[in-house]
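What follows is a set of notes on a single structure, which appears directly below.
The values are calculated or read from the model by the stated rules, or taken from the named source; none is laboratory data. Because the structure is a prediction, the values reported are computed rather than measured. A quick note on method: Cβ atoms are made from the backbone with ideal geometry, for glycine too, and the neighbour counts reach across all protein chains shown. Keep in mind that these areas ignore ligands, DNA and RNA; they rest on the heavy atoms of the full protein, side chains included. Shrake-Rupley method; radii C 1.70, N 1.55, O 1.52, S 1.80 Å.
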Amino acid sequence: NAGVTQTPKFQVLKTGQSMTLQCAQDMNHNSMYWYRQDPGMGLRLIYYSASEGTTDKGEVPNGYNVSRLNKREFSLRLESAAPSQTSVYFCASSEVQVTEAFFGQGTRLTVV
Amino acid sequence: GENVEQHPSTLSVQEGDSAVIKCTYSDSASNYFPWYKQELGKRPQLIIDIRSNVGEKKDQRIAVTLNKTAKHFSLHITETQPEDSAVYFCAASAYNNNDMRFGAGTRLTVKP
């Protein structure tokens, strides 16, 4: 099993460009999440999807949109990238809420 | 929403010593408290978790304690080894709430 797979691993964007981060899990999990990780600030929840067909805002949703394409896939879109969105992004999944979350390998995004 | 505070931000110990990391949370409805370990450049991985109906849980050299009245929980690592060096994150969430909040992290260094 691959677990949680994110693409790409690295990305450099210019301010104002758009891009989509892809995430897929093969564990038949119901819940999926997008976090960003910044130095000294831990992991902050951007959006989550409790189940296929539903999405909800987390702690820091501004500037992002998400799509739960099916049970396996959960994408994160930056419509107009800003330098403040420079971060490491992690996708995660869990069987249901309040159970172990499995993380992808992360995407290091730099916005110049 | 939930607010999780974690202390200390950095911790350095000698090999064989014990290490303790403490977290406090604000939402009395929280009932799931996982701890994640993140090695440099890697994804976070669950090392131990505890639910609110349990006061203490142990797994070999790692233990977690929970005080629901005081709203704090702690990670204890005994007989530390150099491979324990990593960043450790605590988190808290409530049943039926996917908004899992993480602490800012503790960088543990174990000196040989």
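Tabulated data
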{"item": "Relative contact order [Cα under 8 Å, 6+ residues apart], chain A, whole percent", "result": "36"}
{"item": "Unit charges on C-beta of K, R, D, E only; dipole of chain A, Debye", "result": "340"}
{"item": "Region B:36-94 - convex hull of alpha carbons, volume per residue in Å³", "result": "87"}
{"item": "Residue among A:27, A:19, A:41 with the largest mean-square fluctuation in a Gaussian network model of chain A, springs linking Cα atoms under 10 Å", "result": "A:41"}
{"item": "Region A:1-85: trypsin sites (Lys or Arg not before Pro) in DSSP loop, at most 12 other beta carbons within 10 Å", "result": "A:9, A:14"}
{"item": "Choice from B:40, B:66, B:11 showing the highest fluctuation, given a GNM over chain B with Cα pairs closer than 10 Å", "result": "B:40"}
{"item": "Label-to-label distance, nm, for residues given as residue A:82 and residue B:83 (7 Å Cα→Cβ offset)", "result": "4.4"}
{"item": "Portion, in percent, of the accessible area of chain A that falls on carbon or sulfur, probe 1.4 Å", "result": "48"}
{"item": "Pairwise FRET efficiency - residue A:5 versus residue B:111, Cβ, R0 = 25 Å, nearest 0.05", "result": "0.10"}
{"item": "Long pairs among A:9/B:58; B:42/B:111; B:22/B:111, criterion Cα-Cα beyond 26 Å", "result": "A:9/B:58"}
{"item": "Between region A:56-103 and region B:1-68, the alpha-carbon center distance in angstrom", "result": "23"}
{"item": "Residue-wise HN-Hα coupling along region B:5-19, computed from phi with Karplus coefficients 6.51, -1.76, 1.60 (Hz; x: Gly, Pro)", "result": "10, 10, 9, x, 7, 9, 8, 10, 9, 7, 3, x, 6, 9, 10"}
{"item": "Heavy-atom accessible area per residue - region B:3-63, 1.4 Å, Å²", "result": "57"}
{"item": "Summed buried accessible surface, chains A and B, 1.4 Å probe, nearest 100 Å²", "result": "1800"}
{"item": "Shape of chain B, Cα gyration tensor, a/c cut at 1.5", "result": "prolate"}
